[in-house]
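A quick write-up on the structure given underneath.
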Amino acid sequence: MQVDWFDFELPDSLIAQTPLKDRTASRLLTLSKSTGAVEHKAFQDLIDYLEAGDVLVLNDTRVLPARLFGVKSGTGSKAELLLLKQLEDDRWEVLMRPGKRLKAGAVILFGEHAEDKPLLTATVEEELGMGGRIVKFTYDGIFPELLDRLGQMPLPPYIKEQLPEKERYQTVYAKHEGSAAAPTAGLHFTKAYLERLEQKGIQLAYITLHVGLGTFRPVSVDNVETHQMHEEFYEVSEQAATLVNTAKANGYKVVAVGTTSARTLETAARESTQPGRIGPGSGWTGIFIYPGYTFQIVDALMTNFHLPKSTLLMLISALAGREQVLAAYQEAVEQQYRFFSFGDAMFIY
């Protein structure tokens, strides 16, 4: 299966640079898995596609202010770090720029008067390739507080505008800190809209997957089957597992909000000893879902519009069929939907 099969033309003008003032004001394109039928709706119409007893599964990860700007000790040259995965003993896996000049042993200083008395110091311990590094931080104080003071939200590279409010790149239900990027499908929801869903009898189940390096790495191989996903930490609570299993047992839909929720549910199903059910648990997942995959748990998916040739586009193609998805994307381009993180929404059912 060729990566090029998942390519499409997208004008730069359709890449949303800023979020809408009202989270629920986006458009919604719906796609039927069974017929390929497309409809053009408003996001708030999502409730009409759900019924009492259905379960909406939301990823409650919280984005770290994980982009740090500093200077290289000794030269004063600028350096940028993006935190990806916390290891042990104040060690982190990061992306670094400019990678060529930041070899093992390099020391990066952070803070307004970095050369005099840095608030935070990072020492490169290991080079991982493609800009990846293992660094060890040293500091006085509490690391999360230093991140809040020094860090910026790690917006994707295709977003050129500054984000005036950090919370606009968090879901309203973000809880567990640890992501390098937001689960952007969830950015459409407000607390009031979630309450409307619950009033209709729709159950809300919260799981956690900390979005990591895979979000930033393009597919660099020609054949889909040879691509390796970067592992990300996930957790499913007993309460969430019970809600999902009860819905499946009673014939109701399990609706994943975002590809991260979908990957978490399918990972949990793979780890379960009972087909079609999930159990509570946590761990690391590198699950890669592309056409040919049979979903065990996810019946429907609420998502954003994704990059050409991305693993996210491959996942939704596994759910709804590649040709149907690309046809829907072509219609979205023609109708000038807003794409990517701050863009419009899509519901596959």
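Determine which member of the set Gln86, Gln44 is over 18 Å from Ile316 (Cα atoms), polar (S, T, N, Q), open to solvent by 20 Å² or more (accessible area, probe 1.4 Å) and modelled with pLDDT of 95 or more.
Values: Gln86 fails: modelled with pLDDT of 95 or more.
Checking each option against the conditions leaves just Gln44.
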When residues of the range 192-221 are filtered for being open to solvent by 50 Å² or more (accessible area, probe 1.4 Å), in contact (Cβ under 8 Å) with a residue 12 or more places away in the chain and of a type in the set (Ser, Thr, Tyr), how many remain?
2
For the range 242-251, does any single residue satisfy the condition of being surrounded by 15 or more Cβ atoms within 10 Å (Cβ to Cβ) and closer than 27 Å to Gly343 by Cα?
no
Failed condition for Lys175, given (1) within 10 Å of Val63 (Cα to Cα); (2) crowded, with 16+ Cβ neighbours inside 10 Å; (3) modelled with pLDDT of 95 or more
(2)
Qualifying residue in the range 297-309 (condition: without any contact (Cβ under 8 Å) to a residue 40 or more places away in the chain, among the aliphatic types (A, V, I, L, M) and not in a loop (DSSP other than H, G, I, E, B))
no
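Can you find a residue that is open to solvent by less than 10 Å² (accessible area, probe 1.4 Å) and out of contact with any helix residue (DSSP H, G or I) (no Cβ under 8 Å at 6 or more places or on another chain) anywhere in the range 47-57?
Pass one, the range 47-57, residues open to solvent by less than 10 Å² (accessible area, probe 1.4 Å): 50, 54-57.
In the following step, the residues that additionally are out of contact with any helix residue (DSSP H, G or I) (no Cβ under 8 Å at 6 or more places or on another chain) were identified as none.
For the range 47-57, residues open to solvent by less than 10 Å² (accessible area, probe 1.4 Å) and out of contact with any helix residue (DSSP H, G or I) (no Cβ under 8 Å at 6 or more places or on another chain): absent.
May I ask you to say which residue of Gln324, Gln336, Gln330, Gln296 is over 20 Å from the mean Cα position of the chain (by Cα), on the phi > 0 side of the Ramachandran plot and at pLDDT 95 or above?
Numbers: Gln324 fails: on the phi > 0 side of the Ramachandran plot; Gln330 fails: on the phi > 0 side of the Ramachandran plot; Gln296 fails: on the phi > 0 side of the Ramachandran plot.
Within the list Gln324, Gln336, Gln330, Gln296, the selection yields Gln336.
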Which condition does Val135 not pass, out of (1) open to solvent by 10 Å² or more (accessible area, probe 1.4 Å); (2) modelled with pLDDT of 90 or more; (3) not aromatic (Phe, Trp, Tyr), if it passes all the others?
(1)
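Per-residue answers, yes or no, for (1) open to solvent by 60 Å² or more (accessible area, probe 1.4 Å); (2) out of contact with any strand residue (DSSP E or B) (no Cβ under 8 Å at 6 or more places or on another chain):
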{"residue": "Gly283", "(1), (2)": "no, no"}
{"residue": "Pro291", "(1), (2)": "no, yes"}
{"residue": "Gln296", "(1), (2)": "yes, yes"}
{"residue": "Lys309", "(1), (2)": "yes, yes"}
{"residue": "Leu312", "(1), (2)": "yes, no"}
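Among the residues of the range 1-33, which ones are among the polar types (S, T, N, Q), under 15 Å from Ser317 (Cα atoms) and surrounded by fewer than 19 Cβ atoms within 10 Å (Cβ to Cβ)? Spell out the reasoning first.
Going through the range 1-33, the residues among the polar types (S, T, N, Q) turn out to be 2, 13, 17-18, 24, 26, 30, 32.
Adding the requirement that they be under 15 Å from Ser317 (Cα atoms) leaves 2, 30, 32.
Residues satisfying the conditions are Gln2, Ser32.
What are the residues in the range 332-342 that are open to solvent by 30 Å² or more (accessible area, probe 1.4 Å) and either closer than 29 Å to Leu194 by Cβ or in contact with a helix residue (DSSP H, G or I) (Cβ under 8 Å, 6 or more places away or on another chain) (or both), if any? If you could, list the steps in order and put the result at the bottom.
First, the residues of the range 332-342 that are open to solvent by 30 Å² or more (accessible area, probe 1.4 Å): 334-336, 338.
Gln335, Gln336, Arg338 - these are the residues of the range 332-342 that are open to solvent by 30 Å² or more (accessible area, probe 1.4 Å) and either closer than 29 Å to Leu194 by Cβ or in contact with a helix residue (DSSP H, G or I) (Cβ under 8 Å, 6 or more places away or on another chain) (or both).
Count, please, the residues in the range 166-191 that happen to be in contact (Cβ under 8 Å) with a residue 40 or more places away in the chain and under 20 Å from Ala345 (Cα atoms). Please lay out each step first, then the result.
First pass over the range 166-191, keeping only residues in contact (Cβ under 8 Å) with a residue 40 or more places away in the chain: 166, 168-190.
Right, trim to under 20 Å from Ala345 (Cα atoms) and you get 168-174, 181-190.
Going through the range 166-191 one residue at a time, the tally reaches 17.
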Scan the range 104-118 and give yes if some residue there is open to solvent by 20 Å² or more (accessible area, probe 1.4 Å), at pLDDT 90 or above and within 30 Å of Phe347 (Cβ to Cβ), otherwise no.
no
Filter result for Gly99 (touching a residue at least 24 places away in the same chain (Cβ under 8 Å), surrounded by 16 or more Cβ atoms within 10 Å (Cβ to Cβ) and within 30 Å of Phe339 (Cβ to Cβ)):
yes
Members of the range 253-281 that are open to solvent by 30 Å² or more (accessible area, probe 1.4 Å) and among the acidic types (Asp, Glu)
Glu271
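The values are calculated or read from the model by the stated rules, or taken from the named source; none is laboratory data. This structure is a prediction, so every number in the text was calculated from the model and none was measured. Cβ atoms come from the backbone with ideal geometry, glycine included; neighbour counts cover every protein chain shown. Quick note on the areas: whole protein, heavy atoms, side chains included, nothing else; ligands and nucleic acids left out. Shrake-Rupley method; radii C 1.70, N 1.55, O 1.52, S 1.80 Å.
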